[in-house]
Each structure stands twice: as C-alpha cells, then as structure tokens.
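Report on the following structure.
The values are calculated or read from the model by the stated rules, or taken from the named source; none is laboratory data. Just so we're clear, the structure is a prediction, and the values are computed from it rather than from any experiment. A quick note on method: Cβ atoms are made from the backbone with ideal geometry, for glycine too, and the neighbour counts reach across all protein chains shown. To get the accessible areas, we keep the full protein, side chains included, count just its heavy atoms, and leave off ligands, DNA and RNA. Shrake-Rupley method; radii C 1.70, N 1.55, O 1.52, S 1.80 Å.
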Amino acid sequence: MNKTISLACGNGGEENNELISQVFYKAFKNDILDKSEDAAIIHNGELAFSTDSFTVSPLFFAGGDIGKLAVCGTCNDLAMMGAKPKYLTCSVIIEEGFETRELEKIVRSMKKELGINGAIVVSGDTKVVPKGSVDKIFINTTGIGEVLKKGISSNNITKDDIIIVNRDIGCHGAAIFVAREGIEMSSSLRSDCESLFPQVKALLDANIKITAMRDATRGGVSAVLNEWAKQSNICVEVEEESIPISDEVKGICEMLGFEATALANEGTFVLAVNHDDAERAVEILKTFESCKSAAIIANVTDAYPKKVVLKSSWGTSRFLDTPSGELLPRIC
Ligand code: MG
C-alpha cells in the first residue's frame, strides 16, 4: 500500500479493492463482511443492510441529481440481494453558503425515488461545515430491506448460469463526464440512474431462478464480472458484440480512450440466472422502458484461468481485467 490515499483508491477497481481488503477487511474481519455482497445479509437471512456515500460533481446532471442517486444507490444494493428496500437513513454534510433552494430540490428528488421503492427515511443527521471544508454537499444513506428471496449470492455462480445485463451500459459515467466538462452535445445521452427494485420484483414474481445480481456502479460491468469470477471461482466468457452500448456512449469512449465496460452505471445491473430461465428473464426486463436493450452477454465455464475472457466476433479473445487508475473521480 502507498503511504497516502490516491484518487484511484476510490475508483471501484483494483486500487479500491486493495484499500478495502488491506485496511477495512483486515480490521473488521467477520463472516458477514467476508461474503463481500452488495448488502450484508443479517437476522437469519431475513434482512439486507447496506450503506453508501455520495459526492457526485456536478450535483445536477442529465437523468438525475445527487438526491436521486443517494436513494437509488442504497436501495439498488438492497434490491441486488433480492430484498425490498424499506427503511433508510439520510445523513448530509453541507458546505456553509449552500443554497437552501438547491437543498430542497435535492430532497424532493430523494422523496420521489423513495416512493418508487416504497421506502421511507426514518433517521438522519445534518452537519454544516465552514466554506471550503466540503464541496457543496455530501450525502450518506444507509438502508434496510426485507429479503423476498433468500440465497441470492455472488459466491454461488456455476456453469449452469447465464449472465445477462438489463440495459445498455456506461450511460452514467459518460453523462457525468459530459456535464463536468461542459461539452455541448445535441444527443439524448442521460445517466441511467434508476431504482432497480421494480425490475427485480418482476423477475422474482415470475420465479426466475436468480443466482446472483450486482449493480455495475464504479468500475462498471468489468468490475462486477471480475468480482464474480473471483468470488465464485469461475471463468466468465463474454461475447463482446453482445454487450449493449449506445452510439453516444461509444462516441464518448472513443474521445476519452475508455472502455464502456469500465464506465460507471447507476441503474444497470448484471444478473446470473439458471440457463433454463435466461431467455424469459431478458423478455421480462425488456418490458421496462429503460431495458429495451437487455441482453445475454456471457456464459460461465469451468475453464482455466478463472478470469473474464472477452471474445470478439472475429474469433480472437483477451482478458477483461478489473479497471485500474483514476478513471473519473466523484462519479457518485
Ligand atoms: Mg452495488
């Protein structure tokens, strides 16, 4: 580990994983934390519990704002464990001089998103710090959800599973980049920021055999697939052409030299479902407005090494590694 914390330590990729395992996991080690899921499963498997802090810059962007993000982020981590989001806390750190009107706008966004999840804020904290001590506003939310389907875990994926993505990837990362750089784009590029519980509920109601789900936030789809390969000790074979990516996101990636698979998302998730149910899961997802491009993207095999392999339509293949470096800081 380096002597000081770099921006890359918060990227959701390689450096971030190193910091978490060598500082936090080392100190807090316990069986629940060791499972490394999107939310902790507690109370005999009945409750999911998760927390997330939001520092996004700018606060308002195409498709959302820090308030919507703060509710979606925590509720989505609960939903990824097959849980219905129920109770949230809301803790804010506000910079002196921040406009009350902007704060009210952010809180209204939070309220709207809570409604979509059927969740409520039951506790909170407000701190105001002198100008310059924080950039405008940071928000932390912690949430408790009721597990509707037990046993969903990123540690249980096998070669009986097929891997699906619910929509086109990379929109949040690309939208934040455009908003931050003030790039004028006459495109329809918007963050994918969205509550995922309605999609998860539809899949559960249809009895889709879900093995694992994970929202592809920082580090994008490639971080999720690499985490799964490691946690479940599997080889993930991705068909590159099958990954849905919009033309706008492709354009931004070319401009930045980024891979869309490494861009952050806030309403995009990866699912591992039993192969018998894969086609049906895609059809259910496609009934949602934002998920018209839902697709099967990968197979799971026993092949060595237990990594993520990206296969092109020309028959070539390469490893898709966990993203590293600074990427885009303060994306969420
Ligand atoms: Mg997550």
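What pairs from Lys159/Lys306; Lys68/Lys105; Lys86/Lys136 go past 20 Å between their alpha carbons? Working shown, then result.
Details: Lys159/Lys306 12 Å; Lys68/Lys105 10 Å; Lys86/Lys136 28 Å.
Among Lys159/Lys306; Lys68/Lys105; Lys86/Lys136, the Cα-Cα distance tops 20 Å for Lys86/Lys136.
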Item to complete: For Ser293, list long-range residues whose amide hydrogen, built 1.01 Å from N in the peptide plane, is under 5 Å from its own amide hydrogen.
Response: Asp168
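Using a 1.4 angstrom probe with every protein chain in place, what is the largest-first accessible-area order of Tyr87, Tyr304, Tyr25? If you can, show how the numbers build up before the last one.
Working: Tyr87 105, Tyr304 190, Tyr25 60 Å².
Greatest to least solvent exposure: Tyr304, Tyr87, Tyr25.
Find the relative contact order for the chain and round it to a whole percent, using C-alpha pairs within less than 8 Å whose residues are 6+ positions apart. Provide the component values of the computation, followed by the final result.
Details: 741 pairs, mean separation 80.9, N = 332.
So the answer I get is 24 percent.
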Practice prompt. Per residue of the range 277-282, in order, report the coupling 6.51 cos²θ - 1.76 cosθ + 1.60 (Karplus, θ = phi - 60°) as ³J(HN,Hα) in whole Hz, putting x for Gly and Pro.
Written response: 9, 4, 4, 5, 4, 4
Discussion item. Considering only C-alpha atoms, what is the centroid distance from the range 1-60 to the range 101-127, in Å?
Written reply: 23
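Could you order His275, His43, His172 so the one with the most accessible surface comes first? Probe is 1.4 Å. Can you show the working numbers first?
Working: His275 90, His43 120, His172 0 Å².
The most accessible residue leads, giving His43, His275, His172.
Considering only protein heavy atoms and a probe of 1.4 Å, how much of the accessible area of the range 161-319 is carbon and sulfur, as a whole percent?
Carbon plus sulfur share of accessible area: 49 percent.
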Worksheet entry | Gyration tensor (alpha-carbon) shape descriptor, the range 1-104, a/c threshold 1.5 | oblate
Discussion item. I need the P(r) histogram for the range 161-319: all alpha carbon pairs, bin width 10 Å from 0 out to the longest distance, whole percents.
Written reply: 11, 41, 35, 12, 1
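Which whole-number value in Å² is the accessible area per residue of the chain, probe 1.4 Å? Please report the intermediate quantities before stating the final value.
Working: 15600 Å² over 332 residues.
Heavy-atom accessible area per residue stands at 47 Å².
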Fill in: HN-Hα J in Hz across the range 250-261 - Karplus 6.51, -1.76, 1.60, θ = phi - 60°, x for Gly and Pro
4, x, 5, 4, 5, 5, 8, x, 9, 9, 4, 5
Discussion item. Run through the range 224-323 and list the chymotrypsin sites (Phe, Trp or Tyr not before Pro) located in a DSSP loop whose Cβ has at most 10 other Cβ atoms within 10 Å.
Written reply: Trp314
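Using a ≥ b ≥ c from the Cα gyration tensor of the range 118-158 (square roots of the eigenvalues), is it rounded, prolate or oblate, where a/c under 1.5 gives rounded and otherwise the larger of a/b and b/c decides, a/b for prolate?
On the way: a/c = 5.58, a/b = 2.17, b/c = 2.57.
Verdict is oblate for the range 118-158.
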Worksheet item: What whole number of Å gives the distance from the Cα centroid of the range 61-91 to the Cα centroid of the range 130-198?
Response: 9
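If contacts are Cα pairs under 8 angstrom and at least 6 residues apart, what is the relative contact order of the range 55-176 in percent?
Details: 164 pairs, mean separation 47.0, N = 122.
In percent, rounded to a whole number, it is 39.
Express the C-alpha Rg of the chain as a ratio against the empirical globular expectation 2.2 N^0.38 Å, rounded to two decimals.
Values: Rg = 19.0 Å, N = 332, 2.2 N^0.38 = 20.0 Å.
Relative to the rule-of-thumb radius for its length, the chain sits at 0.95.
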Discussion item. Quick check on the chain: helices-only [θ] at 222 nm, where DSSP H runs of length 4 and up contribute -39,500 (n - 2.57) each and the sum goes over total residues. Nearest 500, please.
Written reply: -8500 deg cm²/dmol
Worksheet item: What are the GluC sites (Glu not before Pro) within the range 168-277 that DSSP puts in a loop, where the Cβ has at most 15 other Cβ atoms within 10 Å?
Response: Glu184
Discussion item. Can you give me the C-alpha center-to-center distance between the range 228-275 and the range 298-316, rounded to a whole angstrom?
Written reply: 14
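What size of dipole, in debye to the nearest 20, comes out for the chain about its Cα centre when the only charges are +1 on Lys and Arg C-beta atoms and -1 on Asp and Glu C-beta atoms?
Values: 35 positive and 47 negative charges, 132 e Å.
That gives a dipole near 640 debye.
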